[in-house]
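Coordinate-derived values only; no laboratory data. For clarity, every value in this text was computed on a predicted model and none was experimentally measured. Neighbour counts are summed over all protein chains in view; Cβ atoms, including those assigned to glycine, are modelled from backbone coordinates with ideal geometry.
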Amino acid sequence: ERANTIAAKVWDWVCEHIENIKDDIAQGVCKTLEELRQKREKHVPEDDFESVRGQLKHIKFIRFYEFGSFTVTYFAWFNGARYNVYASYLYDDFTLKNAGILTMGGFSAPKTSVKSAPPAKREVTEDITLELVKAFDEDEDFLVCPMAPKKCTADDIKRVENVLGLRLPEEYVAHVLGDIAGGVYIEATEEAWPKRKGGGAAWEFFYGLHTFSPSSESEDWMQLEAAGKNFQMETGLKAVPILKIISDPDLYVATENGTIARFSHEDFELTETGLDFWQLLERELDELNKRKEMMKANNV
């Protein structure tokens, strides 16, 4: 009971003082970097206070220790390498103990730019989205919607690829340029899947899925470009979200190698799926339908 009280007290304090915590971490990191420069370590980044602080977007975790302190940890990126940065406080009076870089494995050398070969001519791939979602469109338990107000164009794809710096998988391009404008959004209806308002198994909140639209006319949360920019800025990974299961913090992303991987929000790692986009969409649609049937059975 005391542990729960301490955790609640700490969480409330962190939420109230989050900007001060970012200041403490950024100052600690800058101090560490300066010490490394004084030691003439190689490849020490030139990041200043504002640069470091600007990377502190989302708390990675809060860890408690038996000797009366807790640590607030974020991810930050230096010279292409990811590091845990932190601030540690006493949880009795929230006095700052120390702050800086938690994982010190040596900074990576700066990446050198390599002139890439001109992109190969894009192959025309058939869009089979309608075939895959037909059963859902005809099922009164589901709502199927496009992700854009009108069909997207090859210019939309070119713009997004140029901004995000990678080439999208051909099957995904066919999907977002296809008959369902800009991609697809599918969710179970309230009648089939009453939305959970309390606790429950994680899958009980995964009531739908959607892809991301290359159209600048789509809502911000739907846009491939916006999602890609945010993902790259927050993770430092050269990848772009292309499929999301609603309420699942993990994502399916297109990688710079042209493959599709699953992004884990817990460790910021990518795991290759070994699937092309059609195979992935078909699998996740099948899983969504299974979850819906389980939900309906549980609510009978």
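Suppose a student asked you for the relative contact order of the chain, using Cα pairs under 8 Å spaced at least 6 residues apart; what percent would you report?
Numbers: 474 pairs, mean separation 35.6, N = 300.
The value is 12 percent.
Estimate the FRET efficiency between T271 and D248 by the formula 1/(1 + (r/R0)^6), using the beta-carbon distance for r and 22 Å for R0, to the nearest 0.05.
For T271 and D248, the calculated efficiency is 0.95.
Run the quick spin-label model on E287 and N299: label points 7 Å from Cα toward the beta carbon, then report their separation in nm to one decimal.
2.1 nm
For the chain, modelled as a Gaussian network with Cα springs under 10 Å, which listed residue fluctuates most, L90, L270, L33?
Taking springs between Cα atoms under 10 Å, the residue moving most is L90.
For E138, project a label point 7 Å along Cα to C-beta. Then give me every residue of the stretch 267-295 with its amide nitrogen under 15 Å of that point.
None, by backbone N distance to the label point.
Extending each Cα 7 Å along its Cβ direction at F64 and N257, get the distance between those two points in nm, one decimal.
Rounded to a tenth, the inter-label distance reads 4.1 nm.
Among the listed pairs K31/K238; K151/K292; K97/K229; K22/K238; K238/K296, which have their C-alpha atoms separated by more than 31 angstrom in this model?
With Cα atoms farther than 31 Å apart: K97/K229; K238/K296.
At R0 = 22 Å, how high is the FRET efficiency between M233 and A202 if r is their beta carbon distance? Nearest 0.05 is fine.
Plugging the Cβ-Cβ distance into 1/(1 + (r/R0)^6) gives 0.25.
Once the Cβ-Cβ distance between N20 and L130 is put in as r, and R0 is 30 Å, what FRET efficiency do you end up with, to the nearest 0.05? The partial results should precede the final answer.
On the way: r = 53 Å, r/R0 = 1.75.
Rounded to the nearest 0.05, the efficiency is 0.05.
With everything on Cα atoms, drop me the angle between helix 154-164 and the longest principal axis of the chain, reported from 0 to 90° to the nearest 10.
The angle comes out at about 10 degrees.
In whole Å, what are the Cα extents of the chain along the three principal axes, biggest one first?
Result for the chain: principal-axis Cα extents of 62, 57, 32 Å.
Which of A181, A192, A254 ends up with the largest GNM mean-square fluctuation for the chain, with Cα atoms connected below 10 Å?
Among A181, A192, A254, the largest mean-square fluctuation in the Gaussian network model of the chain belongs to A192.
With a 10 Å cut-off between alpha carbons and a GNM built on the chain, which of H175, H265, H210 moves the most?
H265
Per residue and in Å³, how big is the convex hull formed by the alpha-carbon atoms of the stretch 143-300?
On the way: hull volume 18.3 nm³, N = 158.
Enclosed volume per residue, from the Cα hull, is 116 Å³.
Using a Cα-Cα cut-off of under 17 Å, which aspartates and glutamates could be cross-linked to K9, ignoring same-chain neighbours fewer than 8 residues away?
Leaving aside aspartates and glutamates fewer than 8 places away in the same chain, those within reach of K9 are E1, E66, D92, D93.
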